[in-house]
Every structure is written in structure tokens, then in C-alpha cells.
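Peer 1: Have a look at the structure that comes next, please.
The values are calculated or read from the model by the stated rules, or taken from the named source; none is laboratory data. In this text the structure is predicted, and so the values were computed from the model without any measurement. Positions of Cβ are generated from backbone atoms using ideal geometry, with glycine treated the same way; all protein chains shown enter the neighbour counts. When the accessible area is computed, the model is the full protein with side chains, heavy atoms only, and any ligands, DNA or RNA have been set aside. Shrake-Rupley method; radii C 1.70, N 1.55, O 1.52, S 1.80 Å.
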Amino acid sequence: MRLNPFPTLSILLLTLILGGCHYMTIDTAGPNPNLPPCPVTMFPVGRFMVPVPKDMKLGAGIHNINKITIEEIAWKKGRDREEYLKEVWMPVRTKAWERYVEGGKLGPASQGGWAEEDVSHLFGYPAMLFCYRSKTADHNIDVHIGLPEAILRLTESRFYPIGNACLDMEERILNLFKHYRFGNKNVAPDSFFSAGGRVEGLKTWYEQASLGAKRHASESRPKIYLRFDTLPTVTSEFPKSISVISGVVRKYGMKLHVLRSRKRVLAGMEGLEEVYVGGNKDDDELRLTAFWRFQGVPKDPEKPDVEIQMTCPESAKEDALRMWDAVMTKFTTVREYYGRRS
């Protein structure tokens, strides 16, 4: 889920106003030139290399390819691997069974009920497939695979017609697994990265990736959040600027000061970069928001919808701008990053 770029404003208000947005260039925000550049660590996420300031800790992320969610679960140190693998399976099994019982007799697993099956022979590693219904008219095909490096969990939510069998439950997941590699050595430039591994050479029609990071607060400094998201392209229209609503914001007693609003090219993609401070007039402290958005190219998985966003209290503005410009400067694609290193 993408963050609301200005959470104190009404979503409805934004929808009504931004429809006729025009574009203007503003550039009055910059980091303190007397401070050293912000060091970053490069993390591959989906098709991109995301620079994360070293002062930040990584949080949750989403990696979804062809509507299959990819999750890598680290082995617990000091635990027997087979025992731990079964321990990881148990919550899924319990939850699946509870949903099956709550729903009454809806038929076997092939019709959205519940089932578990040892599928180790298909994957070449200890593997268990669970099939259980979700809260809507579909069911989840949930496979856990005990790889040497981690427990790989692949989950697909699939619609099925009531009364009809769900055939080849493991086919698409097995196909993705055959293209999965753990780690980031000997990387193909067209790779799609999850948290711990990557998918290479797979024909895709849907990709989603995200990453969250946070600088924790202390007595001397407030929190700073960083968020990166990609989604398949819906429209190729250029992103809308927030500067057009400044008059309406003041009319409703809100505050909005746009520091930067300009077109900016990152990794060969021309998007909109904006930095602004805003909030309600009664807020104890206003918030700074910085974002860069690129409206992707339809049917091009290497140019999806992209959004990078940083938010913090206004008092962290100086640190945030240093971090933000480091992210903007070093952001690149997996293809470019590994292509030039091969």
C-alpha cells in the first residue's frame, strides 16, 4: 500500500482539485552544503536498486510476481531444521483448518476447501502444499520449501468458480520456483529481486515490490520514514503536482509550503519530484514530505509505476533533505547496476 503523500488533507478534496492540475517548477529546498554527504546501502528491490541511508533500519516489504507472493524465512539458529520447518507450517495449517470449519461443508480442497500435501518430489527439497479458502471467492495455494539457505514460502490467491475443481494447484508456483535463485551472486541483469533472492528469466505479466525503512527517534532527533513502491502501470499520464491546491489548502485553514516541484529523471525515467511542508493549522508541528513519482510505461515490467517517499516532522528537515538527495542521486535499476559490474 502506498503512503498518502499528505495525510492531513481530505482524499476527496485532492481528487476534485488535481484533475485539472498544471505543472510549475519550484526549487528552493536543498541540503546544508556544509554537512557531509549521506552514506547509503544499496538494496535490490524488484527491478531497482534502492539506496537506503545507513542510519535507517529496514522494515517490511512486499514482493509479488505474477500474483504469487514471495517470502524468505530464515532458519532459526540452534534449531533442528526439519523440526523448525514443521513449526513454520503449523500456523498455516491451523488457520486453514479454522477457516474450513467456519465455512461449513464447502467441498474438498479442489473446490476451495482445505487440504495439505507433501510435494517434496516436485521441488526436490522438503516441501508442503496447503490449499485453503480465503474470505472471498478464491482460495490460497500456499507452498513452503525448505531450501538450504532459507524456507521459501510461495503463496498464490486464485479465483475459482463455485462447484468447479481447481486443477494443477502447484503449476504456476512450480514454474516460478524453477526460475528462483537465492542470494545476489552471478546475477542476470533482468532479475526481479525479493528480500533474500531473485527470479530470473521468467515471463511476467504482474510485478509488485515495496520496501520500508525508518530512522528511529531519540532524545535529540525525530523519526524519518522512507518508502519505495512499484506497481504495474495503469495509465501513462504524468503525475499531478500538489502545488495547484495551495490556494484551496489555505482556504480550509491548512498550511502547505511547496519547497521543490520539478521534473526529474531517475534511471532513465522522467518523473515528478516534490518536497513540501504541510499540515493542519492546529498541529503542534508540521510535517515534511518528499516524493518522486514515475507513471510507468504499459506492458514494460522494467518501467512500472514507481514511487519513492520520505516523511518526517519539520524539525528533521535538515537530515531528511540530506538523506533524500542521496536517495535521488544513487537510485538506479538492477539491470544498470549489475550490468556495469559484470
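Peer 1: Find the Cα radius of gyration of region 175-234, compare it with 2.2 N^0.38 Å by division, and give the number to two decimals. Intermediate results must be reported in sequence, preceding the final value.
Peer 2: Values: Rg = 16.1 Å, N = 60, 2.2 N^0.38 = 10.4 Å.
Computed over Cα atoms of region 175-234, the ratio equals 1.55.
Peer 1: Same structure again: How big is the accessible area of residue 292 in square angstrom, nearest 10, if you roll a 1.4 angstrom probe over the protein chains?
Peer 2: Approximately 0 Å² for this residue.
Peer 1: How big is the accessible area of residue 171 in square angstrom, nearest 10, if you roll a 1.4 angstrom probe over the protein chains?
Peer 2: Probe radius 1.4 Å; accessible area of residue 171 about 110 Å².
Peer 1: About the Cα centre of region 198-327, how large is the charge dipole given +1 on each Lys and Arg Cβ and -1 on each Asp and Glu Cβ? Please answer in debye to the nearest 20. Before the final figure, lay out the partial values.
Peer 2: Numbers: 22 positive and 20 negative charges, 43 e Å.
The calculated dipole for region 198-327 is roughly 200 debye.
Peer 1: Shifting gears a bit: How many percent of all Cα-Cα pairs in region 186-298 sit more than 22 Å apart? It would help to have the intermediate numbers written out before the result.
Peer 2: Numbers: 3355 of 6328 pairs.
Tail of P(r) above 22 Å: 53 percent of Cα pairs.
Peer 1: Express in nm, to one decimal, how much length is gained between residue 94 and residue 285 on full extension, taking 0.36 nm for each residue of separation and deducting their alpha carbon distance.
Peer 2: Values: separation 191, 0.36 × 191 = 68.76 nm, distance 4.57 nm.
Taking 0.36 nm per residue and subtracting the Cα distance, the gain is 64.2 nm.
Peer 1: Let me ask you something else. Provide 47, 181 ordered by accessible surface of protein heavy atoms (probe 1.4 Å), highest first. Could the numbers behind the result be given before it?
Peer 2: Working: 47 30, 181 95 Å².
Per-residue accessible area, sorted high to low, gives 181, 47.
Peer 1: Mind jotting down a quarter of the surface of the convex hull over the alpha carbons of region 29-79, in square nanometres, one decimal? Let's see the in-between values first.
Peer 2: Values: hull surface 26.6 nm².
With every direction weighted equally, the projected area is 6.6 nm².
Peer 1: Follow-up question, since we're still on this one. Given region 288-342 reduced to its alpha-carbon atoms as identical point scatterers, what log10 I(q)/I(0) does the Debye formula return at q = 0.16, 0.23, 0.30 Å⁻¹?
Peer 2: -0.64, -0.93, -1.14
Peer 1: I've got another one for you. What's the extension gain from residue 171 to residue 205 if we count 0.36 nm per residue and subtract their Cα-Cα distance?
Peer 2: Working: separation 34, 0.36 × 34 = 12.24 nm, distance 1.62 nm.
Length gained, residue 171 through residue 205: 10.6 nm.
Peer 1: How would 256, 231 rank on accessible area, largest to smallest, probe 1.4 Å?
Peer 2: Details: 256 20, 231 55 Å².
Descending accessible area places them as 231, 256.
Peer 1: Right, something else. With every protein chain in place, what's the accessible area of residue 79 (1.4 Å probe, Å², nearest 10)?
Peer 2: Rounded to the nearest 10, the figure is 80 Å².
Peer 1: From the protein chains alone at 1.4 Å, what is the descending order of accessible area for 233, 94, largest first?
Peer 2: Working: 233 35, 94 65 Å².
Per-residue accessible area, sorted high to low, gives 94, 233.
Peer 1: Holding the Cα-Cα limit at 28 Å, pick out from 57/240; 214/263; 76/203; 178/303 the pairs that are longer than that.
Peer 2: Working: 57/240 30 Å; 214/263 26 Å; 76/203 33 Å; 178/303 25 Å.
Over 28 Å apart, Cα to Cα: 57/240; 76/203.
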